[in-house]
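The structure that follows is given in the form of structure tokens.
The values are calculated or read from the model by the stated rules, or taken from the named source; none is laboratory data. Not measured: the values here are computed from a predicted model. Positions of Cβ are generated from backbone atoms using ideal geometry, with glycine treated the same way; all protein chains shown enter the neighbour counts.
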Amino acid sequence: MKTKLIVLVLLIISATGFAQNGEQTIDSTFELLKAQKNISYFDVTGEMFKMLSETKETEAEFKDYMRKLTGMKMVRTYNRHDNGTPDIYKLFMQNTNLKGFSRLMTSETSTRKISFYQKKSKAGNEYLLVQSSAIIYITGTIDLKSISEFEQVMNIAGSAFDM
């Protein structure tokens, strides 16, 4: 009986411990992740996107798209089979408050999990792609309903990590 009571108390404590997770902002979780072992970090500010939109050599469509972006952050793990590499999907999901985000898609296999989220507001939209080996967070007045805009984002992300 005492063993069952102790187990019950431990389960309650662990459940309340998990309830405390998920309080950090996306930015603070990125700070946590970039300090982990085997992590690459990439951050593009709105000012950089503005500068890219003002270059003379680029096409008008690309300039227009760059004006719509206000930020992009990415982290990526390396040596995924190394025991020292963190599970960034799990770390991100346990620590980040995603209130206001809608989950658009989740795909899960035995070795990989991917979730895609969106948050709409009057000021702009936020998109979040969380997967086992990379997390991409994009903000701006973009609307990813257009497949060409989504391709632009993935091209930028791929270039940043030489993917």
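I'm told Asp64 meets every condition in (1) modelled with pLDDT of 90 or more; (2) of a type in the set (Asp, Glu); (3) within 23 Å of Lys122 (Cα to Cα) except one. Can you identify the failing condition by its number?
(1)
Still on this structure: Considering Ser121, Ser107, Ser115, which residue is of a type in the set (Ser, Thr, Tyr) and modelled with pLDDT under 90? Break it down into steps so the answer makes sense when it comes.
Numbers: Ser107 fails: modelled with pLDDT under 90; Ser115 fails: modelled with pLDDT under 90.
On inspection, the qualifying residue turns out to be Ser121.
Please count how many residues of the stretch 118-133 are part of a strand (DSSP E or B) and surrounded by fewer than 19 Cβ atoms within 10 Å (Cβ to Cβ).
First, the residues of the stretch 118-133 that are part of a strand (DSSP E or B): 118-120, 125-131.
Okay, now just the ones that are also surrounded by fewer than 19 Cβ atoms within 10 Å (Cβ to Cβ), so 118-120, 125, 131.
Number satisfying all stated conditions: 5.
Could I ask something else about it? Gly84 passes all but one of (1) loosely packed, with under 14 Cβ neighbours inside 10 Å; (2) modelled with pLDDT under 85; (3) within 15 Å of the chain's Cα centre (by Cα); which number fails?
Result: Gly84 fails condition (3) only.
I'd like the full set of residues that are touching a strand residue (DSSP E or B) at 6+ places or on another chain (Cβ under 9 Å) and exposed (fewer than 11 other Cβ atoms within 10 Å of the Cβ), limited to the stretch 51-66.
The answer is none; no residue qualifies.
In addition: What pairs can you find where one residue is in the stretch 99-122 and within 15 Å of Ile26 (Cα to Cα), the other is part of a loop (DSSP other than H, G, I, E, B) and at pLDDT 90 or above, and their Cβ atoms are less than 6 Å apart, with a gap of 6+ or different chains?
Taking only residues 6 or more apart or on different chains, the pairs are Tyr117/Phe101; Lys119/Gly100; Lys119/Phe101.
Checking Ser107 against (1) assigned to a helix (DSSP H, G or I); (2) polar (S, T, N, Q); (3) in contact with a strand residue (DSSP E or B) (Cβ under 7 Å, 6 or more places away or on another chain), only one condition comes out false. Which one?
With respect to (1) assigned to a helix (DSSP H, G or I); (2) polar (S, T, N, Q); (3) in contact with a strand residue (DSSP E or B) (Cβ under 7 Å, 6 or more places away or on another chain), Ser107 is out only on (1).
Residues are listed down the side, and each one gets a yes or a no for (1) in contact with a Pro (Cβ under 7 Å, 6 or more places away or on another chain); (2) at pLDDT 90 or above; (3) more than 27 Å from Thr70 (Cα to Cα); (4) in a helix (DSSP H, G or I):
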position: Leu5; (1), (2), (3), (4): no, no, yes, yes
position: Ile13; (1), (2), (3), (4): no, no, yes, yes
position: Thr16; (1), (2), (3), (4): no, no, yes, yes
position: Asp27; (1), (2), (3), (4): no, yes, no, yes
position: Phe30; (1), (2), (3), (4): no, yes, no, yes
position: Leu33; (1), (2), (3), (4): no, yes, no, yes
position: Tyr41; (1), (2), (3), (4): no, yes, no, no
position: Val44; (1), (2), (3), (4): no, yes, no, no
position: Glu47; (1), (2), (3), (4): no, yes, no, yes
